[in-house]
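Here is the structure we will look at, set down as structure tokens.
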Amino acid sequence: MRVLSGIQPSGTLHIGNYFAMMKPMIQFQREHTLFCFVVNYHALTTVTNADSLRGDTLAACLDFLALGLDPDKSIFWVQGDVPEVCELTWILNNQTPVGLLERAHSYKDKLAKGFQPHNGLFSYPVLMAADILLYQADAVPVGKDQKQHLEMTRDIAIKFNFAYGDTFVVPEPWIDEHTAVVPGIDGQKMSKSYGNTLEIFSEEGELKKKVMRIVTDSTPLEEPKDPDKCNVFALVSLFLGDEEKNELADRYRAGGLGYGEVKKMLFERMWEYFAPYRQKRAELAADLGQVRRIMAMGADKARAIAGQTLELVRSRVGLNY
Ligand code: ADP
Ligand code: TRP
């Protein structure tokens, strides 16, 4: 099975990204053909500072490699190093109804947040469809916010296959219900663009401060509390096994447990969980030349596969004459 997913270098990666997408991807590489990439073309829809884009792209590569993505077992690259995806995007644009794009939640959210709508933002889902279809992916691990984009990819693939004959695999989303929406420190969905993240490779003091800022209600310490309505509980649960999670939930319901204590537990668990990866990341960061070589090798592998699909598509639509 081909498993594929991408992540935007539009800021620093956080534990929502990790648990919904990065961790499952790293686990999938053991049994499946893994395609994983850093989507810098997509980031251009919102990032206008070239130095930030360069820095965050390299940082996302380091993060993935440090967390266990093995470039020998999988295909790992930077989207912009395989420009074939732009050609496929153009071809797919012609199978994409404007009404479909107008219904995109992410586009409507961006408008609501005051972004000036430009064509890149509007056609973002077509580029994402091209990303997926170019590699004939079967399954796409994502968080719940990407579900609609996956449905659009499926619609575009089905429409193309109907118009030109079977060409693309129609992909399935892979969403783990336990990590589908990780809350941020303000209780909204954690997102790089909301400034509410707990970063995977945060500095210690910074992480402590952010954990202490997590929004809770004002139920007094001695009163019983509902774990299912608590952001701190949702976050610490990501680092607990089932038994520990149930024990903690019982302590919430019994009363006498303060949010401060759970926040301290969250900080300690998270800090400990990522400790070995921090070490690995520091080693990688000391040799960026090697990281760039790894990414170039990944791009070569991706390009070989992209070229095959594109050749087929070009002949299906009549671009070969
Ligand atoms: P962000 O919203 O932080 O910019 P991306 O859009 O780059 O994140 O998302 C990368 C991957 O991480 C996607 O699969 C997305 O669904 C997932 N993801 C991002 N934030 C969360 C979250 N808070 N909970 C679950 N999954 C998330
Ligand atoms: N739109 C995705 C996000 O914001 C990133 C992305 C781009 C992606 N291309 C993809 C995800 C292909 C999965 C497959 O998270």
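Can we say residue 244 is assigned to a helix (DSSP H, G or I), free of Cβ contacts under 8 Å to residues at least 60 places away in the same chain and under 25 Å from the mean Cα position of the chain (by Cα)? Please lay out each step first, then the result.
Details: assigned to a helix (DSSP H, G or I): yes; free of Cβ contacts under 8 Å to residues at least 60 places away in the same chain: yes; under 25 Å from the mean Cα position of the chain (by Cα): no.
Judged against the criteria, residue 244 is not a match.
Remark: pairs (first residue in segment 121-136, within 14 Å of residue 35 (Cα to Cα); second residue assigned to a loop (DSSP other than H, G, I, E, B); Cβ separation under 6 Å; 6+ apart in sequence or on different chains) = 132/171; 133/168; 136/169. When residue 313 is tested against (1) farther than 30 Å from residue 35 by Cβ; (2) out of contact with any Lys or Arg (no Cβ under 9 Å at 6 or more places or on another chain); (3) of a type in the set (Val, Ile, Thr), exactly one condition is not met: (1).
In segment 10-51, how many residues are in a loop (DSSP other than H, G, I, E, B), of a type outside the set (S, T, N, Q) and under 17 Å from residue 64 (Cβ atoms)?
To start, the set of residues in segment 10-51 that are in a loop (DSSP other than H, G, I, E, B) comprises 10-13, 29-32, 39, 44-49.
Still in the running and of a type outside the set (S, T, N, Q): 11, 13, 30-32, 39, 44, 47.
Subset that is under 17 Å from residue 64 (Cβ atoms): 11, 13, 30, 32, 39.
Selection size over segment 10-51: 5.
Evaluating residue 96 against the criteria (1) under 18 Å from the mean Cα position of the chain (by Cα); (2) at pLDDT 95 or above; (3) part of a loop (DSSP other than H, G, I, E, B) leaves one unmet condition, (1). Can we say residue 289 is in a helix (DSSP H, G or I) and exposed (fewer than 12 other Cβ atoms within 10 Å of the Cβ)? So residue 289 fits the description; yes. Selection of segment 93-116 for residues being touching a helix residue (DSSP H, G or I) at 6+ places or on another chain (Cβ under 7 Å), open to solvent by 70 Å² or more (accessible area, probe 1.4 Å) and under 14 Å from residue 46 (Cα atoms) yields only 115. Annotation: of all residues in segment 149-164 being buried (at least 17 other Cβ atoms within 10 Å of the Cβ) and closer than 22 Å to residue 24 by Cβ, the one that is farthest from ligand 2 (Cβ to nearest atom) is 154.
Residues in segment 22-70 that are closer than 18 Å to residue 12 by Cα and more than 15 Å from ligand 1 (Cβ to nearest atom): 48, 49, 50, 51, 54, 55, 58, 62, 65, 66, 68.
Residue 280: under 30 Å from the mean Cα position of the chain (by Cα), within 29 Å of residue 58 (Cβ to Cβ) and open to solvent by 80 Å² or more (accessible area, probe 1.4 Å), yes or no? Considered against the rule, which asks whether it is under 30 Å from the mean Cα position of the chain (by Cα), within 29 Å of residue 58 (Cβ to Cβ) and open to solvent by 80 Å² or more (accessible area, probe 1.4 Å), residue 280 comes out as yes.
Listed here are the residues, each with its yes/no results for (1) away from ligand 2 (no atom under 13 Å from the Cβ); (2) open to solvent by 80 Å² or more (accessible area, probe 1.4 Å).
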| position | (1), (2) |
| --- | --- |
| 119 | yes, yes |
| 141 | no, no |
| 147 | no, yes |
| 192 | no, no |
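The values are calculated or read from the model by the stated rules, or taken from the named source; none is laboratory data. Just so we're clear, the structure is a prediction, and the values are computed from it rather than from any experiment. As a convention, Cβ positions derive from the backbone with ideal geometry for all residues, glycine included, and neighbour counts pool all protein chains shown. Areas reflect the complete protein model, heavy atoms only, side chains present, ligands, DNA and RNA absent. Shrake-Rupley method; radii C 1.70, N 1.55, O 1.52, S 1.80 Å.
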